[in-house]
Amino acid sequence: MERTELLRALKVTNQTTVGKETVPILACYCFVKGTEIITTNDVVLTQIQCKTGIEGGIRAASLLPLIENSRARDVEFVVKESEAHIKCGRTRLRLPLLGKEQFMYEIPRLGKSPQSIPIGKTFIGALERVLISALHDLSQPSLSGVTLKIGTDHVVCATDGIALSRAQLS
């Protein structure tokens, strides 16, 4: 595969890898079905399509510098037992490959959602109404976001741990 295509995907997903390895899979790029790369920091999950042909987890801190610093046009992955053999130009590297059974989360499916919500005045108005309750403190990321429940009645809510705001999109 082209090195620049892989590098773009790794940089997009690198934002949600964890540097400290308290849970090893959180410090890895998770290659899924040879067609996607997923990373998570246990709060945010990033997923991007990228055809690599491998499946498993490779430590981000080991793979990204190799791909960033290479001038090679192509990157080649070969899986042998629990190792990823990576060829990038004249550089060859063997890295441990965590099996997909170590992924701690259910892998979301890319593609069209059975339901969609138009991003218009109604949706933006509902977001504005609930954002007053979203916590703006990055030390508690689980309270810094907005929850969107898609169903027969679409609902948007946010909380700061004290107050709860809810808006219905019907």
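The values are calculated or read from the model by the stated rules, or taken from the named source; none is laboratory data. Since this is a predicted model, take the numbers as computed values, not measurements. Note that we place each Cβ from the backbone using ideal geometry, even for glycine, and neighbour counts take in every protein chain shown. To get the accessible areas, we keep the full protein, side chains included, count just its heavy atoms, and leave off ligands, DNA and RNA. Shrake-Rupley method; radii C 1.70, N 1.55, O 1.52, S 1.80 Å.
Residue under question is ARG73, and the condition is that it be touching a Lys or Arg at 6+ places or on another chain (Cβ under 9 Å) and basic (Lys, Arg); does it hold? Judged against the criteria, ARG73 is a match. Within segment 76-104, residues that are on the phi > 0 side of the Ramachandran plot sit with their Cβ atoms under 9 Å from residues that are open to solvent by less than 100 Å² (accessible area, probe 1.4 Å), at 6+ positions apart or across chains, in these pairs: GLU81/LEU97; GLY89/ARG3; GLY89/SER70; GLY89/ALA72; GLY89/ASP74; GLY89/VAL75. Taken over segment 35-55, the criterion of being closer than 14 Å to GLU5 by Cβ, open to solvent by less than 50 Å² (accessible area, probe 1.4 Å) and either over 14 Å from the mean Cα position of the chain (by Cα) or of a type outside the set (A, V, I, L, M, F, W, C) (or both) is satisfied by GLU36, THR52. Given the options LEU143, LEU138, name the one that is modelled with pLDDT under 80, surrounded by 10 or more Cβ atoms within 10 Å (Cβ to Cβ) and of a type outside the set (D, E, K, R). Every option except LEU143 fails the conditions. Of all residues in segment 56-75, those that are closer than 12 Å to LEU6 by Cβ and surrounded by 13 or more Cβ atoms within 10 Å (Cβ to Cβ) total 9. Out of VAL32, VAL18, VAL78, I need the residue that is among the β-branched types (Val, Ile, Thr) and open to solvent by 50 Å² or more (accessible area, probe 1.4 Å). Which one? Result of the check over VAL32, VAL18, VAL78: VAL78. Of all residue pairs spaced 6 or more apart or on separate chains, those with beta-carbon atoms under 8 Å, a first member in segment 47-74 that is closer than 13 Å to ARG92 by Cα and a second member that is open to solvent by less than 20 Å² (accessible area, probe 1.4 Å) and not hydrophobic (A, V, I, L, M, F, W, C) are LEU63/TYR29.
Restricted to segment 1-109, the set of strands (runs of 3 or more DSSP E) holding at least 1 residues that are touching a helix residue (DSSP H, G or I) at 6+ places or on another chain (Cβ under 6 Å) and β-branched (Val, Ile, Thr) comprises 36-40, 45-49, 75-80.
For segment 144-170, a residue qualifies if it is of a type outside the set (Val, Ile, Thr) and in a loop (DSSP other than H, G, I, E, B), and the qualifying residues are SER144, GLY145, GLY151, ASP153, HIS154, ASP160, GLY161, ALA163, LEU169, SER170.
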